[in-house]
Amino acid sequence: DVHRYFYPYKQYAAQSVADGEIPLWNSEISCGAPFLANLQSQVFYPPSAVYYIVPMPAGFNIFIILHFFLAGMFVFLLCRQWEFSFSASAVSSIVFAFSGYMLSVTDMVTSLCSAVWLPLALLLFDRALKARNRAKYAVLTGAALGLQFLAGEPTILYITVFTLLIYGIMHVYGKKPKTPFR
C-alpha cells in the first residue's frame with residue numbers, strides 16, 4: 001500500500017500545493033476521484049506539512065520517522081503521568097514505538113499516524129479527570145482526537161474513544177488500574 005497508494009497520494013498533494021492549487025480532485029486515479037474528500041489523503045493533517053517543505057522522497061521518510069518518534073514520546077509522557085519510573089517509562093516508550101503492531105502498520109500510513117495519538121489522548125484525558133482546570137485538558141483531549149481523525153483512520157479513533165470511555169468509567173467508580181513498575 002505504501003508504494004502504490006500512499007506515496008503517490010502524498011506526492012500528488014505536495015505537487016498540488018507547490019503549484020498553488022487545492023487538491024480537490026485527482027484525475028490521475030482511474031477516471032478521476034475526489035482527493036480532498038478522501039480522509040486518507042491527509043491534506044489537513046498538520047504533520048503533512050513536511051511534504052510541502054521537504055521534497056519527496058525525503059519528506060515521506062521524515063514523515064514516517066516523525067511518527068515513530070511521537071509514538072515513543074507520547075508513551076513516555078503517559079507513563080511519567082502514571083508515575084512509572086524513568087527507566088520503565090523509557091522502556092515502555094521504546095516497546096510501544098517499535099512494537100509489532102506499529103512496525104506492521106508502517107505499510108498503512110493512516111493507521112500508523114492515527115495510532116500515534118492514542119497515548120496522547122489518554123494522557124490528556126487522564127489529566128482532565130484529575131486536574132482542577134478540567135476544561136483546558138478536555139479541549140486538549142478533543143484536539144488530540146481531532147488530530148487522530150485527520151490522520152485518516154477512523155477505526156483507531158473509535159478504539160481510542162472506547163478506551164477513554166472505559167478509563168473514565170473506571171476513574172469515576174474508583175477502580176484504579178494497577179500499574180506495576182512504579
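Give me the net charge of residue 122's neighbourhood, meaning all other residues with Cβ under 14 Å from the Cβ of residue 122; Lys, Arg count +1, Asp, Glu -1. Don't skip to the end; give the middle numbers.
Details: positive: 80, 127, 130; negative: 126.
Result for the local shell: +2.
Report, by chain and number, residues whose modeled amide H sits under 5 Å from the one on residue 26, excluding near sequence neighbours (fewer than 5 apart, same chain).
33, 35
When all protein chains stay in place, what accessible area (Å², nearest 10, 1.4 Å probe) is found for residue 172?
We get 110 Å² for residue 172.
Can you compute the label reach from residue 38? Point 7 Å from Cα along the Cβ direction, backbone N cut-off under 18 Å, restricted to segment 141-159.
What the label zone holds, given the 18 Å backbone N cut-off, is 150-155.
What is the distance in Å between the Cα centroid of segment 1-29 and that of segment 42-102?
Rounded to whole Å, the Cα centres lie 24 Å apart.
Expressed in nm to one decimal, what extension gain is obtained for the pair residue 17 and residue 155 from 0.36 nm per residue of sequence separation less their Cα-Cα distance? Working shown, then result.
On the way: separation 138, 0.36 × 138 = 49.68 nm, distance 2.81 nm.
This chain segment gains 46.9 nm when fully extended.
Let me have the relative contact order for segment 1-113, percent, based on Cα pairs under 8 Å that are six or more residues apart.
The value is 24 percent.
Whole-Hz ³J(HN,Hα) for each residue in segment 85-92, computed from phi via Karplus 6.51 cos²θ - 1.76 cosθ + 1.60 with θ = phi - 60°, x for glycine and proline: what do you get?
5, 4, 5, 5, 5, 5, 5, 4
Relative to the present Cα-Cα distance, how much length would full extension add between residue 52 and residue 65 at 0.36 nm per residue of separation?
3.0 nm
Using a probe of 1.4 angstrom, how much of the accessible area of the chain is carbon and sulfur, in percent?
Summing carbon and sulfur atoms, their accessible area is 69 percent of the total for the chain.
Nearest 10 degrees is fine. How inclined is helix 7-18 to the longest principal axis of the chain, computing both from alpha carbons?
Once rounded, the angle reads 70 degrees.
Stretch residue 30-residue 139 to full length: gain in nm at 0.36 nm per residue minus the Cα-Cα span?
Working: separation 109, 0.36 × 109 = 39.24 nm, distance 4.06 nm.
Taking residue 30 through residue 139 to full extension adds about 35.2 nm, to one decimal.
Provide the per-residue ³J(HN,Hα) series for segment 40-45, in order, calculated from phi with Karplus coefficients 6.51, -1.76, 1.60 and θ = phi - 60°, each as a whole number of Hz, with x at glycine and proline positions.
6, 6, 6, 4, 9, 6
The values are calculated or read from the model by the stated rules, or taken from the named source; none is laboratory data. In this text, all values refer to a predicted model and were calculated from it rather than measured experimentally. Ideal geometry is used to build each Cβ from the backbone, glycine not excepted, and the neighbour counts take in all protein chains shown. Heads up: the accessible areas ignore ligands, DNA and RNA and are worked out on the full protein's heavy atoms, side chains in. Shrake-Rupley method; radii C 1.70, N 1.55, O 1.52, S 1.80 Å.
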